[in-house]
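A short write-up of the structure that comes next.
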Amino acid sequence: MAKEKSAIFIIFGGSGDLAHRKLYPSLFRLYKSGFLKDHFAVIGTARRPWSDDYFRETVVTSLKDYFDDSEEVMTEFAKHFFYQSHDVNDSEHYIALKNLASKLDDQFEAGHNRVYYMAIAPRFFGTVAEHINSEGLKASGYNRLVIEKPFGRDLDSACELNGNISKAFPENDIYRIDHYLGKEMIQDIPNIRKNNPKLEQALNNKYVSNIQITLAESLGVEDRGGYYETAGVLRDMVQNHIMQIIGAVASDEPESEDADVIHKNKTELFSSLKELSPEEVDQAFVRGQYDTDNLGDLKAYRQEDNVAEDSNIETFVAGKIEFDTDRWRNVPFYVRSGKRMPKKSSRIDIVLNDQVKELGIRPNSVVTLLIERENGHSILINGVNYKEAGQDFIKFPEEAEFDKAREAYESLIIDILSGNRVHFTLWDELRSTWKYIDTIRQRWDSQTPEFPNYLSGSMGPDASEMLLERDGNSWVWDD
Ligand code: NAD
């Protein structure tokens, strides 16, 4: 049985989509597995005046979408939930919140630990963090602040946000969520590298031709057009998720499992991102926006709800990222993410060169790490399951173990409750990645693209293929 944790969660935005779709189901899983049992309570806050009973009903209703446990178990779990209506700018409300948290702390013997979770619009993050501090909400145990994405929309706004939250919380108590870091495969990469010395030996510019990261979605923006108009895929996927995936594959192996050591290596990698001049952006990055499909059945991006008819927001990006380190100099990291691609796929393709024969690996082998297990597979060598590939340089825990995969948010909440910061992003990492992304964004904002430029259901604009062809390479994942 898991070791029980104790804490009071204060969820800002407790009536929202993220809370109901991700957080409450994850807390319920932790409840069922015993991580959360008797000594926890959840305070949901939002503007609406809800009663505790109504809030609990909404929690149980959303759980029913994901679980077939008895209503009795869900209702028992929901007894740990309390509601406090709250406006982020009203100091009085923070006092009410503080009193409720301390009452529940006594009632549930929650160890004076607090998790403050920002499931709320980013423009409120700073205000809420400052009020938590100024209105004395912090308790005598730990006080951990959890921040959802997006963390800023460029380097300046990220700096401003960070300035605000770091006035109220030390960096060690800030848990910035990048939910890709909660995914089983991304968390397994250090183990895969450690347990497969030949692969680790090959991970450098002597043996790697290029590394490709693809986060493809088949859906369009659905009902999130309004949000997407303020973001675009470069900000939404590359600055955070894709960079963090590169961090997992390409950072130096840490000498220990200590979070500080792991982050030091990742920070060093990001600080060596090879800067692009504005002209180099045109060569290294391609943007796209989806049109209808070839039958004309699907909406083009510009026809989606809450999207401007002349929107120049990109729904597709492909790019070539390089690092100025001895280990990775001259190895292109080709990255790609887009909506309305032929199917959903999240994968890392490590393309080895012919020198790897020195290591006993078949020349030009491709090792693919599938971030979401596809058709029962998790690691491929040259397109087939690694176990059947006829090369034994990769070992991995049995597939059955993988089957028990935790949902990303569940895993991240365990880390937050355990004080484990390995799978969260640090400010120094974000600063470097934003700086890099800003150069691309600024160049793009200074030019008018010819959008739409790819059909829904296609692999993106042709320029994405040409980006690799120019280097004599090609995308491994090609539907
Ligand atoms: P949402 O609009 O569904 O919920 C927002 C919540 O904030 C609601 O509970 C609302 O009542 C509350 N709120 C709004 N104004 C308020 C105010 N003035 N004072 C107090 N409370 C107020 O949004 P969401 O989709 O749940 O997203 C929440 C956060 O999580 C955002 O930062 C978003 O970027 C991030 N996020 C969401 C998802 C997702 O899947 N929904 C994924 C990743 C990140």
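A short reminder: the numbers here are calculations on the coordinates, not readings from a lab. Worth saying up front: this structure is predicted, and the values here are computed from it rather than measured. Please note: Cβ atoms are built from the backbone with ideal geometry, for glycine as well, and neighbour counts cover all protein chains shown.
In order along region 305-314, phi translates into HN-Hα couplings of 4, 6, 10, 5, 4, 10, 4, 10, 6, 8 Hz, rounded to whole numbers, per the Karplus curve 6.51 cos²θ - 1.76 cosθ + 1.60 with θ = phi - 60° and x for Gly and Pro. Taking the DSSP bridge list for the chain and keeping only pairs wholly inside it, about 50 percent are antiparallel.
Axis of helix 52-64 versus longest Cα principal axis of the chain: the two differ by about 30°, to the nearest ten degrees. Panel order for Arg29, Arg193, by other beta carbons found within 10 Å of each beta carbon, from fewest to most: Arg193, Arg29.
The chain has equivalent-ellipsoid semi-axes of 38, 27, 22 Å, by the square roots of 5 times the alpha carbon gyration tensor eigenvalues, sorted largest first.
Counting neighbouring beta carbons within 10 Å and listing from fewest to most, the residues Ile394, Ile10, Ile246 come out as Ile394, Ile246, Ile10.
Evaluate E = 1/(1 + (r/R0)^6) for Asp310 and Glu130, where r is the Cβ-Cβ distance and R0 equals 41 Å; express this FRET efficiency to the nearest 0.05. Step by step, r from the Cβ atoms, then E = 0.60. Let me test this: with uniform point scatterers at the alpha carbons of region 7-148, what is the Debye-based log₁₀ I(q)/I(0) at q = 0.09 1/Å? Debye curve over Cα of region 7-148, log10 I(q)/I(0) at q = 0.09 Å⁻¹: -0.24.
Considering helices alone, the calculated mean residue ellipticity of the chain at 222 nm is -10500 deg cm²/dmol, with DSSP H runs of length four and up weighted by -39500 (n - 2.57) and normalised per residue.
In loop segments of region 283-388 as defined by DSSP, the GluC sites (Glu not before Pro) with at most 10 further C-beta atoms inside 10 Å of their C-beta are Glu309. For the residue pairs Lys167/Lys266; Lys22/Lys64; Lys183/Lys387, the C-alpha atoms sit more than 20 angstrom apart in Lys167/Lys266; Lys183/Lys387. Once the Cα atoms are used to define both axes, helix 427-445 deviates from the longest principal axis of the chain by about 60 degrees. Please determine, in degrees from 0 to 90 and to the nearest 10, the orientation of helix 408-418 with respect to the longest principal axis defined by the Cα atoms of the chain, where the helix direction is its Cα long axis. Computed tilt is about 60 degrees.
With neighbour counts taken as other beta-carbon atoms within 10 Å, the residues Trp50, Trp328 rank, fewest first, as Trp50, Trp328.
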